[in-house]
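Chemist: This is the structure, below, for whatever I ask next.
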Amino acid sequence: MEKIFTYLAAVFTRFLFAIHATLMMYWLTLVKQNDNQYLYYLFFGLLLSALLAETAMTVGYRKGHEYNW
């Protein structure tokens, strides 16, 4: 049971971060409404793909164990 919780905690925290970042980028585009800055927002959205790679590494390779800081 503890192992399942470890995996779920790793995925859940990254899911929350990805949803928050996506919603804030969407909100920013609504507030600014500047077409010239659209590529910057798209670039920041693409950077979220690094979060997907880090999630795969944490869940797959590290078996859900977080990094020690």
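Chemist: Hey, what number do you get for the chain at 222 nm if only DSSP H runs of n ≥ 4 count, each worth -39500 (n - 2.57), divided across all residues, to the nearest 500? Walk me through the intermediate numbers first.
Modeler: Numbers: 2 runs with 50 residues, N = 69.
About -25500 deg cm²/dmol.
Chemist: Related question: Compute the acute angle (0 to 90°) between the alpha-carbon long axis of helix 38-56 and the principal axis of greatest extent of the alpha-carbon atoms of the chain; round to the nearest 10°.
Modeler: Relative to the chain, helix 38-56 is tipped by roughly 0 degrees.
Chemist: Averaging over every viewing direction, what projected area does the convex hull of the Cα atoms of the chain cover, in nm²?
Modeler: On the way: hull surface 21.5 nm².
Mean shadow area of the hull around the Cα atoms is 5.4 nm².
Chemist: Can I ask one more? Take the solvent-accessible surface of the protein heavy atoms, probe 1.4 Å, and return the percent of it on the chain that carbon and sulfur atoms account for. Don't skip to the end; give the middle numbers.
Modeler: On the way: 4330 of 5990 Å².
Within the chain, the accessible surface is 72 percent carbon and sulfur.
Chemist: Kindly express, to the nearest 10 degrees and within the range 0 to 90, the angle between helix 2-32's C-alpha long axis and the longest C-alpha principal axis of the chain.
Modeler: 0
The values are calculated or read from the model by the stated rules, or taken from the named source; none is laboratory data. Keep in mind the model is a prediction, meaning the values are calculated, not measured. What goes into the accessible areas is simple: the full protein's heavy atoms, side chains included, and nothing from ligands, DNA or RNA. Shrake-Rupley method; radii C 1.70, N 1.55, O 1.52, S 1.80 Å.
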